[in-house]
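These notes concern the structure reproduced below.
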Amino acid sequence: MTTIRLYNTRTRRKEGFAPLDPDNVRMYVCGPTVYDRAHLGNARPVVVFDVLYRLLRHVYGEGHVTYVRNFTDVDDKINARAKESGRAIGEITAETTQWFLEDMGELGALEPDYMPRATQYIPQMVAMIEDLIAKGHAYEAEGHVLFAVDSWRENYGALSGRTVDDMIAGARVEVAPYKRNPMDFVLWKPSDADQPGWDSPWGRGRPGWHIECSAMAYELLGESFDIHGGGNDLMFPHHENEIAQSCCAHPEGDFARVWMHNEMLQVEGKKMSKSLGNFFTVRDLLDQGIPGEVIRFVFLSTHYRKPMDWTAEKAIDAKARLFGFVELISMYGDLLEAMKLDPEPALIDALADDLNTHAALECVGKMNSSSDANRLARNLVFLGVYSGPELESRVNEYRQGVETLRNIVTLLQSAREKAKKNKDFSEVDRIKDILSAANVSVRMSKDDVDLRPEIDFDPAKLEALK
Ligand code: AMP
Ligand code: ZN
């Protein structure tokens, strides 16, 4: 069996991965807060952990991996959005959740096995908070419940490598007077009449953000599971707080064993931000005609632990490479045969080496001769660049286009013969204009006409010539 090696943030080294139960490999990834379209950065952890999910399913078997990714549907950013738009919270979160699934689907991300919404797990959160209070790890103050960092002081900060004293020195948060330690964080807070709230032993209120992941991970994966992932902006305080809550509530377990964090996405070398005007959503790119497979391909070209720089040039380059792949597969491949193949061992080895997607793409790039077409197809589908049906439709489109072009060659040849006689080339030019609008290259020699689909080939534009 392939040994997967993963970099564990907790131990700061690459380790051989040994699941607690190879029959049920368990992974939890922090998902989005649903109040707006996902920006391009939000898509990075989705693609990174989708690749890992595919690899785990390949190594341990499809039915032997449980992947959980939550939706945060209770949050003050959502409340603010509801207030400013005059819409109901539930309407906003339902719509945004749907958008997220559609947009990530365009990027070839498989849906996780469970996608719990925080609002569906309030009783479990309340129970966990009660348990933390009973065990002396949390306290109630002025309608809030706070986690007492001092009750777990020697362990708190281990993931991100900080001590509580360092954190206090570096903290810029306004310290609420009811906190025993400035680093204590909120498990439960009171809601006023126009904020969403649930009845609890501490009055009507709502959970803090961190407790939802601890409660849902416990409910769906148990007190110990294999992998926990998210962007590295979540390492502190979110993941540190998840660990504190879960390990104190369930000391019999060790929560997540391997912690994985993707680096951030930047745009043209700069942090993506609204104020720099380089902020865009996945949907913006799709609407601009950059297909999901191009976005995914660009993402895969950078290792997940390196900052990823999104550039327009990379997208253009990826589009050209994907067009070349589809061309090769259309000319020489047989998809039915291709899908019977196993993914390439060298590609699996690359991914098993801490998800080296860059090396995996290099491996795919070497499959460039006619006899490689089926292997190329199989591995592109394995990487999720295309789903099987997507690749099939790209290939069919290409082949039908080529078929149409064959007839147009005859049309063009006879138009040329006529033109030579009556010295009127307007019909030849008309045909050539239509071909060029459909992104077909036209090469005419003395007695030959060669038409070839190019990038952005659009067979629909050839209708006028049929
Ligand atoms: P949020 O909705 O802000 O909680 O983020 C959802 C996920 O997107 C988290 O795993 C974040 O770490 C991740 N994320 C947010 N911004 C970026 C970025 N610029 N690059 C990569 N990942 C990001
Ligand atoms: Zn989380």
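Pairs linking a residue in the range 367-385 that is within 23 Å of Leu110 (Cα to Cα) to a residue that is among the aromatic types (Phe, Trp, Tyr) and at pLDDT 95 or above, with Cβ atoms under 8 Å and 6 or more positions apart or on different chains, are Leu376/Phe325; Leu380/Phe325; Leu380/Tyr386; Val385/Phe297. Examine the range 248-259 for a residue that is in a loop (DSSP other than H, G, I, E, B) and acidic (Asp, Glu), and state whether such a residue exists. Scanning the range 248-259, I find at least one residue that is in a loop (DSSP other than H, G, I, E, B) and acidic (Asp, Glu), so the answer is yes.
Of all residues in the range 233-259, which are touching a residue at least 60 places away in the same chain (Cβ under 8 Å) and within 23 Å of the chain's Cα centre (by Cα)?
Of all residues in the range 233-259, those touching a residue at least 60 places away in the same chain (Cβ under 8 Å) come to 234-236, 238-241, 243-245, 247-249, 256-259.
Across the range 233-259, the qualifying residues are Leu234, Met235, Phe236, His238, His239, Glu240, Ala256, Arg257, Val258, Trp259.
Checked across the range 58-67, the condition of being under 30 Å from Gly384 (Cα atoms), part of a strand (DSSP E or B) and open to solvent by 30 Å² or more (accessible area, probe 1.4 Å) holds for no residue. Screening the candidates Glu403, Glu397 for the property of being at pLDDT below 95, loosely packed, with under 12 Cβ neighbours inside 10 Å, in a helix (DSSP H, G or I) and of a type in the set (D, E, K, R) yields one hit, Glu403. With respect to (1) within 16 Å of ligand 1 (Cβ to nearest atom); (2) in contact with a Gly (Cβ under 7 Å, 6 or more places away or on another chain); (3) of a type in the set (A, V, I, L, M); (4) at pLDDT 95 or above, the lone exception for Met235 is condition (2). Residues of the range 30-44 that are open to solvent by 20 Å² or more (accessible area, probe 1.4 Å) and within 11 Å of ligand 2 (Cβ to nearest atom): Gly31, Pro32, Thr33. Of all the numbered requirements in (1) at pLDDT 95 or above; (2) surrounded by 12 or more Cβ atoms within 10 Å (Cβ to Cβ); (3) part of a helix (DSSP H, G or I), Asn368 misses one, and that requirement is (3).
For Glu212, state whether it is within 14 Å of ligand 1 (Cβ to nearest atom) and in a helix (DSSP H, G or I). Break it down stepwise before answering.
Values: within 14 Å of ligand 1 (Cβ to nearest atom): yes; in a helix (DSSP H, G or I): yes.
Spelling it out, Glu212 is indeed within 14 Å of ligand 1 (Cβ to nearest atom) and in a helix (DSSP H, G or I).
Please enumerate the residues belonging to the range 4-16 that are surrounded by 14 or more Cβ atoms within 10 Å (Cβ to Cβ), more than 16 Å from ligand 2 (Cβ to nearest atom) and polar (S, T, N, Q). If you could, list the steps in order and put the result at the bottom.
So the first thing to find is which residues in the range 4-16 are surrounded by 14 or more Cβ atoms within 10 Å (Cβ to Cβ), and the list is 4-10, 15.
Pick out the ones that are also more than 16 Å from ligand 2 (Cβ to nearest atom) and you get 4-8, 15.
Matches in the range 4-16: Asn8 only.
Only a single criterion out of (1) farther than 30 Å from Ile316 by Cβ; (2) open to solvent by less than 60 Å² (accessible area, probe 1.4 Å) is not satisfied by Leu411, namely (2). Note on the range 117-134: residues that are under 18 Å from Asp75 (Cβ atoms) and out of contact with any Leu (no Cβ under 6 Å at 6 or more places or on another chain) total 9. Among the candidates Asp150, Asp194, Asp165, the residue that is in a loop (DSSP other than H, G, I, E, B) and surrounded by fewer than 18 Cβ atoms within 10 Å (Cβ to Cβ) is uniquely Asp194. Annotation note: of Arg296, Arg321, the sole residue that is at pLDDT 95 or above and surrounded by fewer than 20 Cβ atoms within 10 Å (Cβ to Cβ) is Arg321.
Assess whether Pro19 counts as being under 23 Å from Glu223 (Cα atoms) and either within 16 Å of ligand 2 (Cβ to nearest atom) or in contact (Cβ under 8 Å) with a residue 60 or more places away in the chain (or both).
Numbers: under 23 Å from Glu223 (Cα atoms): yes; either within 16 Å of ligand 2 (Cβ to nearest atom) or in contact (Cβ under 8 Å) with a residue 60 or more places away in the chain (or both): yes.
In short, yes.
Could you please find all residues in the range 70-105 being closer than 21 Å to Phe382 by Cα and crowded, with 19+ Cβ neighbours inside 10 Å?
Our first condition is that a residue be closer than 21 Å to Phe382 by Cα; within the range 70-105, this holds for 101-105.
Hits for the range 70-105 are Asp103, Met104.
For the range 168-175, check the following and say yes or no: at least one residue is out of contact with any Cys (no Cβ under 8 Å at 6 or more places or on another chain), more than 26 Å from Lys77 (Cα to Cα), open to solvent by 30 Å² or more (accessible area, probe 1.4 Å) and basic (Lys, Arg). No: zero hits.
State which residue is farthest from ligand 1 (Cβ to nearest atom) when the search covers only the range 30-55 and only residues that are more than 22 Å from Asp354 (Cβ to Cβ) and in a helix (DSSP H, G or I).
Filtering first and then ranking leaves Leu40.
The residue list Asn278, Asn241 contains one member that is assigned to a loop (DSSP other than H, G, I, E, B), farther than 23 Å from Gly384 by Cβ and within 16 Å of ligand 1 (Cβ to nearest atom), which is Asn278. Filtered by the rule that a residue be surrounded by fewer than 19 Cβ atoms within 10 Å (Cβ to Cβ) and closer than 28 Å to Val164 by Cβ, the range 202-224 gives Glu223, Ser224. Just one residue in the set Met1, Met27 is outside any helix (DSSP H, G or I) and either under 19 Å from Gly108 (Cα atoms) or within 15 Å of ligand 2 (Cβ to nearest atom) (or both); that residue is Met27. Note on the range 168-203: among residues that are under 23 Å from Ala249 (Cα atoms) and free of Cβ contacts under 8 Å to residues at least 24 places away in the same chain, the one that is nearest to ligand 1 (Cβ to nearest atom) is Pro182.
The values are calculated or read from the model by the stated rules, or taken from the named source; none is laboratory data. Just so it is clear, the model here is predicted, and its values are computed rather than measured. Cβ coordinates were reconstructed from backbone atoms using ideal geometry, including for glycine residues, and neighbour counts include every protein chain displayed. Only protein heavy atoms, including side chains, enter the accessible area calculation; ligands, DNA and RNA are left aside. Shrake-Rupley method; radii C 1.70, N 1.55, O 1.52, S 1.80 Å.
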